[in-house]
1. Relative to the Cα centre, what is the charge dipole magnitude of chain B, using +1 at the beta carbon of each Lys and Arg, -1 at the beta carbon of each Asp and Glu, and rounding to the nearest 20 debye?
2. Mind checking the dipole of segment A:78-221: about its Cα centre, +1 per Lys or Arg Cβ, -1 per Asp or Glu Cβ, Debye to the nearest 20?
3. For the residue pair B:ASN161 and A:ASN107, what label-to-label distance in nm results when each label sits 7 Å from Cα along the Cα-to-beta-carbon direction?
4. Relative contact order of segment A:105-234, please, whole-number percent, based on alpha carbon pairs below 8 angstrom and at least 6 residues apart.
5. Mind putting a number on the dipole of segment A:86-159 about its Cα centre? Charges go on the C-beta only, +1 for Lys and Arg and -1 for Asp and Glu, and I need it in Debye to the nearest 20.
6. With the contact rule set at Cα under 8 Å and sequence spacing of 6 or more, what percent relative contact order holds for chain A?
7. Mind checking which aspartates and glutamates have their C-alpha under 14 Å from A:LYS3, skipping anything on the same chain fewer than 8 residues away?
8. As I understand it, the value is the acute angle between the Cα axis of helix B:92-114 and the longest principal axis of the Cα atoms of chain B; what does it come to in degrees, rounded to 10?
Amino acid sequence: MLKVENIEVRYSGVPVIHDVSLDVNEGELISVVGANGSGKTTLLKTISGTLHPTKGSIQFDNEDITRSSTVDIVRKGITYVPEERRIFGPLSVEENLRLGAYILNDNEAIETSIEYVYGLFPILKDRRKQKGGTLSGGEQQMLAIGRGLMASPKLLMLDEPSLGLMPKLVDEMLDAVATLKGEGITILLVEQNVREALEMADRGYVLQTGRTIYNGRGRELLKTDIIKKAFLGI
Amino acid sequence: METLLSTTISGLLMGMLFALVALGLAIIFGVMDIVNFAHGEFLMVGMYAAFLTATGLSMEPLLTLPVSAVICFILGMGSYYLLVRYLLKGPMLAQLLGTFGLMIFIRYLAMAIFGPDYKTLEQGLLIRPSINWGPVMISYPKLGAAVISVTAFGAVYWLINRTRLGMALKATALDVEAAGYMGINTEKMRGLAWGLGGATVGIAGALLTNFYYVFPTVGLLFVMIAFATVALGGFGSIKGAFIAGLIIGLIWDFGGTYVGPEYKFALIYLTYFLVIILRPQGLFGW
Ligand SMILES: Nc1ncnc2c1ncn2[C@@H]1O[C@H](COP(=O)(O)OP(=O)(O)OP(=O)(O)O)[C@@H](O)[C@H]1O
Ligand SMILES: [Mg+2]
């Protein structure tokens, strides 16, 4: 479904991603792990069309999207739930969700999406009139994920959904991701919690200074030396 | 007592027009944190558009409102696409000097084309004597301009707070990157904010033409009032621009009546400085 081939991405001329390739098939949960600064966020932003690669190509549903704008990419069915959530603080929970469905014109579809998200995260329903900025960190993360689901994407990209949450909430958040996978949603997940992320994934990729150095089945990756040494401290 | 009542009414009516003049400044600042120094020149273009259409086609001045609105919409949107979006890539100073340059350019272009003469409309629905309501006097043109100003202001408020497009504008204002992730064309929203800012001040200009002189530097006068208005209301706040417009209108007329017409401006600036010192974020700023 998504095919990233040998991309290079630069910030003001300086390459940050040197050579990254990655595939996502329909229905899969793919985890991307790597140290801080290895280029995970840059990779997701590039797929979302916020940045464009200087080399290589990106295809989605057999269409080339290497140079497509974010608007087109969202319309094609890829949404990005950014690191640090980026909730619209002064707007209510429900307004935030409706913005997630901005590309939909069909009111019925929007209502269905809202009910779906409220079913997934009931706390958001209780707080629907509350300003997004006044939610707790965990609730904001649920809102960010819910907002990313509103347009019924074919591929949902999550950038560190457990960032800054206390351990109990981290588990809850990862459970929610597992639930989404169970419902057949295709997910590209970037996570710091390497063990959990790789255990629940169908496949995983390891990034190091802007290169994919490893990829394979999630549980098998956990057994490799590099993961053990670099991330699990074994 | 009669003077007090007349002054209050006149101040509030003037304030409604001041609010409409300031609205575009607040929209543009709200959506992209940039001060449009050419705002007064947009007003001047709106005034000339109304004046020339009304005199050239012997038309009722009120019917020229859409003409001014459309011309200034295009002027605003054009300024964004041809100039401002490139300025955004540069440093803060370039942004300041950029719209400042646009102001000088439009002003002297008008000077070259229309000459420095003061022009004034002589006929129109609104151009008639004041209404005497017992001893209280209400200026007819100001009353008409105020009613239309409030209507236009209300329409924009509705657009921004009650429509899908308005939501997209707000999202772009709050976090342009996150708005992009929602599939909002943020570039278009910014262009639209400039267009809307232009259209509203264009309408204000057309209204003003009914009771004020048209000349190439007229914008300076009113843009200074508009700056004071948005500073008082809180930069970027639309509700704030309205309330502040009314307050500035009252200061304008009370200053003129009780202190002396030559002090009107000084009083508005005094208020402006007091706000900056005591409440820099303005009445409704965040
Ligand atoms: N806007 C930017 N301009 C210049 N360099 C940047 C920019 N954003 C990120 N970088 C650099 O690119 C590299 C990769 O950053 P990126 O945010 O993709 O890493 P990451 O893997 O997501 O890290 P983290 O785990 O901390 O979120 C880093 O060295 C970072 O300093
Ligand atoms: Mg990151």
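1. On the way: 14 positive and 11 negative charges, 97 e Å.
That gives a dipole near 460 debye.
2. Working: 17 positive and 21 negative charges, 47 e Å.
With only Lys, Arg, Asp and Glu charged at Cβ, the dipole is about 220 debye.
3. My value for the distance between the label points is 2.1 nm.
4. Relative contact order of segment A:105-234: 16 percent.
5. On the way: 9 positive and 9 negative charges, 48 e Å.
In debye, rounded to 20, segment A:86-159 gives about 240.
6. Working: 440 pairs, mean separation 62.9, N = 234.
Reported relative contact order: 27 percent.
7. Those aspartates and glutamates meeting the cut-off are A:ASP19, A:ASP23, A:GLU26, A:GLU28, A:ASP61, A:GLU63, A:ASP64.
8. 50
No value in this document is a laboratory result; all are computed from the given coordinates. Keep in mind the model is a prediction, meaning the values are calculated, not measured. Every residue, glycine among them, receives a Cβ derived from its backbone with ideal geometry; neighbour counts consider all protein chains shown.
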